[in-house]
Amino acid sequence: MIQLVDAALEDRVREGLGRPAGLTVEFTPPTGGKRPGETPGTKTVGIYLHDIREDLDRRQTGTVNLYSDDKPDPRKVAHHDPPRYARLSYLVTAWTSDPRQSHQMLGDLLIDLARDREFAVQLPESLEAMRLSALLEVGRPPIGERALAELWSAVGHFLQPVLNVTVVLPLPTHMPAFYTHWVTKNLELPDSRIEFPLPTPPPHWKKWPPKPKPKPKPQPPSTSTPTSTPQPPATGSGTEEGT
């Protein structure tokens, strides 16, 4: 994928400068003993890739569905995770024997690269089918300015005016899962198998599962002895004694 961006950047640089004869485009960083463009009449553009990282701002979650070209009702044929994006950071420099001519080349490149944000890169078919494209940004503040200064110091070269060019590239990291069966008609069930809603709502339980109701305890048999019921005195006619 990176080699595709390198080729597209080289073509864009040559197009932005009018495709002059004798223009050299290099992708190797300069060293202390090498200064491109020292020979009068030569022009060199350096494109140095110095940082590769994932663009976390474009990280997405969810599912992407793929549909067929059937009309009027397209069919869902596959699904996959959203693609991930990489952020490639380049330093673009211009080298000539005259510093003012180098500045003019950088100015022409700045205008051409800032004209269109969409960057023409030959992406894999899986990404083109999703209608994804690469994006180009120029003049974006570099990531870690101190690291860039240390980069020039590490290669043993003096500081050089550069254009910070960033390319955001979609990556073919997703694996589509294709469908093999589709539902072509509605499912019909007989009326006897249709479950209708209850006429009354179900009880609301504060805790689940609900505790069973306690069963009533059996009463022990009575052990008391039966008592005789007193009989009322007899009433009726009789003779009185002692009369």
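For region 68-80, what does the Karplus curve 6.51 cos²θ - 1.76 cosθ + 1.60, with θ = phi - 60°, yield as ³J(HN,Hα) per residue in whole Hz, taken in order and with x for Gly and Pro?
7, 8, 5, 10, x, 10, x, 10, 6, 10, 6, 8, 7
Roughly how many nanometres apart are two label points built 7 Å out from the Cα toward the Cβ at Met1 and Asp73?
So the two model labels end up 3.7 nm from each other.
I need the shape label for region 1-139. Rule: rounded when a/c is under 1.5, else prolate if a/b > b/c, else oblate, with a, b, c from the alpha carbon gyration tensor.
prolate
How far, in nm, would the chain grow between Met175 and Glu125 when pulled straight, counting 0.36 nm per residue and subtracting the alpha carbon separation?
Here the segment from Met175 to Glu125 would lengthen by 16.7 nm.
For the ranges 111-120, 61-70, what's the packing order if you count other beta-carbon atoms within 10 Å of each residue, average per peptide, and put the highest first?
Highest mean packing first, the order is 111-120, 61-70.
Taking amide H positions as placed in the peptide plane 1.01 Å from N, state which residues far from Phe119 in sequence (5 or more) or on other chains have amide H under 5 Å from it.
It is Ala134, Leu135, Leu136, by chain and number.
Name the residues whose placed amide hydrogens come within less than 5 Å of the amide hydrogen of Ser97, ignoring near sequence neighbours (fewer than 5 apart) on the same chain.
Gly41, Thr42
In terms of the Cα gyration tensor, with a ≥ b ≥ c the square roots of its eigenvalues, is region 63-117 rounded because a/c is under 1.5, prolate because a/b exceeds b/c, or oblate?
prolate
Only the coordinates and a few stated rules stand behind these numbers; no lab work does. Bear in mind that the values here come from a model prediction, so they are computed numbers and not experimental data. Because the Cβ atoms are built from the backbone with ideal geometry, glycine has one as well, and the counts that use them run over all protein chains shown.
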